Amino acid sequence: MSASRLDAVYRSILITKFFTKGWGKPENLRRLFEFRKVVSNRDECFKLVERDYAVTITKKQKLSDCTLLEGYFISPLHRYLPGIVPEVAQKAHFQVLLPIHWPEKGVKPMCLHLAGTGDHFFWRRRNLMVKPLIKEAGIGGIILENPFYGLRKPTDQVRSSLHNVSDIFVMGGCLILESLVLFHWCERNGLGPLGVTGLSMGGHMASLAATNWPKPLVLVPCLSWSTASAVFLQGVMSQSINWDLLEDQYLSDGEYREKLSKMVTIVDEAFLAGKKFAQTYHPSTHPVSTTVDMAKKLDVTYKETNSENPDIVDMTKSMVESNKNVPKKEAKPYPREALIQEMQRLLDEKKISQQLYEKLLSNDKFELRPQDIDDINKLTEDKINEILMKCKIADLRSIGIVENKTEPAKTGQQTTGAQPILKPPTQLQPVPETKLVKAKSKSWTVSEITSDLWSNLPFMKSKSEKKIDWSKVHWRDREALQFMRGIMDECTHLSNFSVPYDTSLIIAVCAKHDAYVPRDDVGTLEEIWPGAEVRYVDAGHVSAYILHQSLFRACIKEAFERSKKKWKDGKHIN
């Protein structure tokens, strides 16, 4: 589905920049990664916040259409990770709006509203969501101020510009535990059924908060998806990040590369590799199953063993070991001569020029002229796929990265026939054999090598590009970007958290043309949360936010109607 141009234009005119000071302290990231494993388990996380957690109400005011309360409490995250939450953000401020008269006896529905990016203070959510819901359906609302926003914003922070990548995880950790505090407060005051919602980032935070309440809970995440990694790496938000700064920090500080990278996992990477492998790799070339274990998580780092967790694919083992049950069959290599013949045929048919022919067969870096790009774009996708595969395998074999025989079995493992063993190249272009001798040998699978054929090779650059810029490669080919993908998935991917107690009370609303929250190549909500309902609006992120507030409220009301059917005498019934 095409991305909204309005989203791109709107993002381009904003001056807000994110992570202007880098990743954050390595020690803080380490503590957050370890704490994520606790809050991702509902039973363990629920124990962190006691039912009578102290909440202070500072104001009570009766308005013409509702009753307004204001209060605060100390964020539980500060208790468990002292020093990691900025002092000004440690006090969680909130507002509560209650109907003057509840429409139904014994039913007092309350919905917690979490803030999206840039939603400081309370007025926006109060006027666009909470008050209309009170008027239309008698649903009360709680508005919680995000850490780093409004009353909780550090004095040296400009607008919504979070200083460090770690701040987004501090924000998420705070909101997960603070939501539990407010749900407990509602129960103590006889309010319910309960729900949580939010738009954009607020929708994702609402999803995370809902995973840790051990009772039926209405959840309506709007304009969000299953992980924040796609937002910062693929969406238009990626333009607001100083990647050079993050890469410099990552490469200069061994703590990030040697320790922290080993603590994170790219959740969807195995699925992506299998998907693109199936698209680009001809099945007759190598009898490798492309479906086995593709749903498993792929560790972003190399590890000695993964015996403790069978759901992690070990990248240090060859593809031969991971496919022990594949029938033995001799693989037929593509010789360099076959590639030359194929390119020669295209030249003879005048589908490519002599100059382009020489460039494509050269081992040297090169630039494509506009005419070269036009010639390539005239080829069919199937033909380009075939050429790419031949070129990739032939070049890797020619420089010793791909061998035509299997590696000797190690530690008693059995092989299943001749398979190509792929070793990691040191760069995208072929390198001299003298460098290969010094390179550390680690096995790569075919799916890893081919997963980004389309992105990395110069053939597939856009027509509008007059020059190939090799610095602009896919995130999988730059360690810092891969680290970003890993830490975002580690701390925000919904598959790393418990499934909400009752998924039938979930109605997610997404924009079909969302350029802020891409949905390609990541796990879907329906897969992660069986039973959840996902609805789509024919709009982009910005236009959906502006034009479809009434739709978001309608979904909230519908989800609460479902919850009311399971509510009796002040509690949910089975």
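Taking 30 Å as the cut-off for C-alpha to C-alpha distance, list the pairs among 47/564; 512/566; 37/108; 47/571 that go past it.
Values: 47/564 27 Å; 512/566 32 Å; 37/108 34 Å; 47/571 20 Å.
The answer is 512/566; 37/108.
With the convex hull drawn over the C-alpha atoms of the range 25-88, the volume per residue is 137 Å³. Amide H contacts of residue 192 (H built 1.01 Å from N, in plane; Pro and chain starts excluded): 108, 110 sit under 5 Å, all sequence-distant by 5 or more or on other chains. Extending 7 Å from Cα along the Cβ direction at residue 351 and again at residue 8 yields two label points whose distance is 2.9 nm. Spacing of the modelled spin labels on residue 245 and residue 521, each 7 Å from Cα toward Cβ, amounts to 2.6 nm.
Think of a 1.4 Å ball rolled over the protein heavy atoms: the range 106-183 then has 27 Å² of accessible area per residue.
Sorting 549-558, 563-572 by average packing, meaning the other beta carbons within 10 Å per residue, from highest down gives 549-558, 563-572.
So between residue 259 and residue 121, what do we pick up on full extension, going 0.36 nm a residue minus the alpha carbon distance?
That pair, residue 259 and residue 121, stretches by 45.9 nm at full extension.
Taken over the alpha carbons of the range 86-197 as equal point scatterers, the Debye sum produces base-10 log I(q)/I(0) values at 0.16, 0.20, 0.22 Å⁻¹ of -0.73, -1.02, -1.17. Calculated FRET efficiency, residue 37 to residue 565, Cβ-Cβ distance, R0 = 30 Å: about 0.25 to the nearest 0.05. Inter-label distance, residue 72 to residue 101: 3.7 nm, where each label sits 7 Å from its Cα along the C-beta direction.
Packing around the peptides 73-81, 217-225, taken as the average count of other Cβ atoms within 10 Å per residue, puts them in this order, highest first: 217-225, 73-81.
Plugging the Kirkwood radius over Cα pairs into Stokes-Einstein for the range 130-175, at a temperature of 10 °C and a viscosity of 1.306 mPa s, what D comes out in µm²/s?
Working: Rh = 12.5 Å.
It comes out at roughly 127 µm²/s.
Take each peptide in 242-248, 115-121, 514-520, 193-199, count the other Cβ atoms within 10 Å of every residue, and average; sorted highest first, the result is 193-199, 514-520, 115-121, 242-248.
Tell me, rounded to the nearest percent, the portion of alpha carbon pairs in the range 14-140 spaced more than 23 Å apart.
On the way: 4063 of 8001 pairs.
It works out to 51 percent of all Cα pairs.
Only protein atoms count toward the accessible area here, which uses a 1.4 Å probe; on the range 43-96, the carbon and sulfur part of that area reaches 48 percent. Taking the centroid of alpha carbons for each part, the range 153-184 and the range 47-104 are 15 Å apart.
The values are calculated or read from the model by the stated rules, or taken from the named source; none is laboratory data. These numbers come from a predicted model, not from an experiment. Reconstructed Cβ throughout: ideal geometry from the backbone, glycine too, with neighbour counts over all protein chains shown. In case anyone asks, the SASA skips ligands and DNA or RNA and just uses the protein heavy atoms, side chains included. Shrake-Rupley method; radii C 1.70, N 1.55, O 1.52, S 1.80 Å.
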